[in-house]
Amino acid sequence: MLFAGCLKNKDQATTPTCTYDACAMAAPAAEVQALQDSLEAKGITATKHCSGVFYTIDSAGTGNTPTPCSYIAITYKGSLFNGTVFDQQTQPVVFDLGTLIPGWRNVLPLIKAGGKMHIYIPPTLGYGNKDVTDNAGNVVIPANSNLVFEVSLLDAQ
């Protein structure tokens, strides 16, 4: 997992704030084009984020809007473009969004709690140029993979 945190500041008169520029780390043009070509080949129409992540919002939600530094409760399914599922959580799990891959941090704040979206992530904003292996040493995400996530945002704090 790529870890890149958020800058959390404590203003003297207010509660902690979070600053993060979702467009600061962008995927290379070649990766973005390859991802877009893959989406078009599958007949998927998705919105392109300034970072190079593509997404579709299935439902916007009506609850709290997360920041890239929020704790989120989610269910999700992660797969490769060939349909191979590499991770799935059907029971709610809680994460600090600021510790997750940039592709998630960049677009999950576009929905509110109760919302659902599909996220299409190029390698640079996912797991990069190294294989991801399970505990037995088996490759579950090959290096330089485009990723597909279906995410339901249950809560954001």
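The values are calculated or read from the model by the stated rules, or taken from the named source; none is laboratory data. These numbers were taken from a predicted model, which means no experiment stands behind them. Cβ: placed from backbone, ideal geometry, glycine included. Neighbour counts: every protein chain shown.
Contact annotation: no residue pair with Cβ atoms under 7 Å, 6 or more positions apart or on different chains, pairs a residue in region 15-44 that is in a strand (DSSP E or B) with a partner that is at pLDDT 95 or above and exposed (fewer than 11 other Cβ atoms within 10 Å of the Cβ). Which numbered condition trips up ASP131, out of (1) under 12 Å from the mean Cα position of the chain (by Cα); (2) closer than 24 Å to ALA29 by Cα? Of everything listed in (1) under 12 Å from the mean Cα position of the chain (by Cα); (2) closer than 24 Å to ALA29 by Cα, ASP131 misses just condition (1).
Only residues that are of a type in the set (Ser, Thr, Tyr), assigned to a strand (DSSP E or B) and either at positive phi or surrounded by 20 or more Cβ atoms within 10 Å (Cβ to Cβ) (or both) were counted across region 106-157, and they come to 2. Among strands (runs of 3 or more DSSP E) entirely within region 49-104, having at least 3 residues that are of a type in the set (Ser, Thr, Tyr) and either closer than 25 Å to VAL32 by Cα or modelled with pLDDT under 95 (or both) singles out 54-59. Cβ-Cβ contacts under 6 Å between residues 6 or more apart (or on different chains), taken from a first residue in region 127-138 that is free of Cβ contacts under 8 Å to residues at least 40 places away in the same chain to a second residue that is assigned to a strand (DSSP E or B) and surrounded by fewer than 15 Cβ atoms within 10 Å (Cβ to Cβ), are listed as ASP131/VAL139; THR133/VAL139. For ALA13, the conditions (1) loosely packed, with under 12 Cβ neighbours inside 10 Å; (2) at pLDDT 90 or above; (3) hydrophobic (A, V, I, L, M, F, W, C) all hold with the exception of (2).
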